[in-house]
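Novice: Sharing a structure here in structure tokens format.
Any read-out appearing in this document is the output of simple, stated calculations on the displayed coordinates, not a laboratory observation. On a predicted model such as this, the values are computed, not experimentally measured, just so you know. Methodologically, a virtual Cβ is constructed for each residue, glycine included, from the backbone with ideal geometry; neighbour enumeration extends over all protein chains shown.
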Amino acid sequence: MSSTRRWSQRQRTLLSVALRRRRPRPFRLRLVLLALLVVCAVTAGMLIVAQRNVVGEAPPALRMLEPSEPGSFAAAAFVQPEPFAAEPLPLPERPTAPTTTLTPTAPFIEQAETLPVMFNGKAVRPVKTIRMRVTGYCSCSRCCGRHADGKTASGYPVWINGGKLVAADTNLLPFGTLVSIPGYAGDKPVPVLDRGGKIKGYRLDLYFPSHKQARQWGIRYLDVMVWERVGE
């Protein structure tokens, strides 16, 4: 009898354990219910959107034409939207720089034409032009020999007239003659105050303060302007 009771009690115990294992937990049931609700909500939303697309008005490009008269059939046609014609924008005008033309007035032109050239406070005027071989020299012994003393053949020192003077053949251009040489002394008239043994005929020697400057001048063939003093 005791064994029968034990067996029945054991069976009840096993049965209660099995039932506990098969019983679903409350958390799992909640998850399943939440998933079902989400699926239902998504499905309902998709159905509502599809119904609106079917019932709603068709886009303009696919709109059905309504019959104009009773008994006529509506024909489907594509209504093409009107093309957008963009108006060309006007190009901005290119700014032009203002041009200014300076025209000298008559008084300035007359003054430039009548303005006299001065030398030592006296007016001079051009007389003639001579084509000459023009070179350069200085007062060193290589240019003037061992007796170089810084004085010219006319007796004046080489620094007279700011060191701007020339040596020439006095038979052609005597001492005191004024000449202007392009590129020397600002093209202003300078006096002939020196001469040399090799300066003969149509040759002219320009004085420079250094031997280097004299060599840089080199040999040039130029048109030399001869001037005379006004009133002589």
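Novice: When you count, for each residue, the other Cβ atoms within 10 Å and take the mean per peptide, how do 141-147, 225-231 rank with the highest first?
Specialist: Averaged packing, sorted descending, gives the order 225-231, 141-147.
Novice: Convert each backbone phi in the stretch 132-142 into a coupling constant with the Karplus relation 6.51 cos²θ - 1.76 cosθ + 1.60 (shift: θ = phi - 60°), then list the ³J(HN,Hα) values in order as whole Hz, x for Gly and Pro.
Specialist: Running phi through 6.51 cos²θ - 1.76 cosθ + 1.60 with θ = phi - 60° gives 9, 8, 10, 10, x, 8, 9, 8, 7, 5, 6 Hz.
Novice: Sort 153-166, 211-224 for me by packing, meaning the mean count of neighbouring Cβ atoms within 10 Å per residue, highest on top.
Specialist: Highest-to-lowest ranking by the protection proxy: 153-166, 211-224.
Novice: What number in nm² do you get for the stretch 117-229 if you take the convex hull of its Cα atoms and divide its surface by four?
Specialist: 6.4 nm²
Novice: Give the long-range amide H neighbours of residue 228: residues separated by 5 or more places, or on another chain, with amide H under 5 Å away, using H modelled in the peptide plane at 1.01 Å from N.
Specialist: Placed amide hydrogens put 125, 127 under 5 Å from residue 228.
Novice: Can you list residues from other chains, or at least 5 along the same chain, whose modelled amide H is less than 5 Å from the amide H of residue 119?
Specialist: 124
Novice: Okay, moving on. If the limit is 25 Å between Cα atoms, which of 164/200; 151/188; 128/212; 122/198; 128/151 go over it?
Specialist: Those over the limit are 128/212; 122/198; 128/151.
Novice: Right, next: Got a sec to turn the phi values of the stretch 146-157 into Karplus ³J(HN,Hα) couplings, 6.51 cos²θ - 1.76 cosθ + 1.60 with θ = phi - 60°, whole Hz, x for Gly and Pro?
Specialist: 6, 9, 5, 10, x, 10, 8, 5, 7, x, 8, x
Novice: Under a point-charge model restricted to the Cβ atoms of Lys and Arg (+1) and Asp and Glu (-1), what is the dipole moment magnitude of the stretch 117-229 relative to its Cα centre, in debye to the nearest 20?
Specialist: The dipole of the stretch 117-229 has a size of about 200 debye.
Novice: Follow-up question, since we're still on this one. Please list 3J(HN,Hα) in residue order for the stretch 119-125, calculated via the Karplus relation 6.51 cos²θ - 1.76 cosθ + 1.60 where θ = phi - 60°; whole Hz, with x for glycine and proline.
Specialist: Once rounded to whole Hz, the list reads 9, 6, x, 10, 6, 10, 9.
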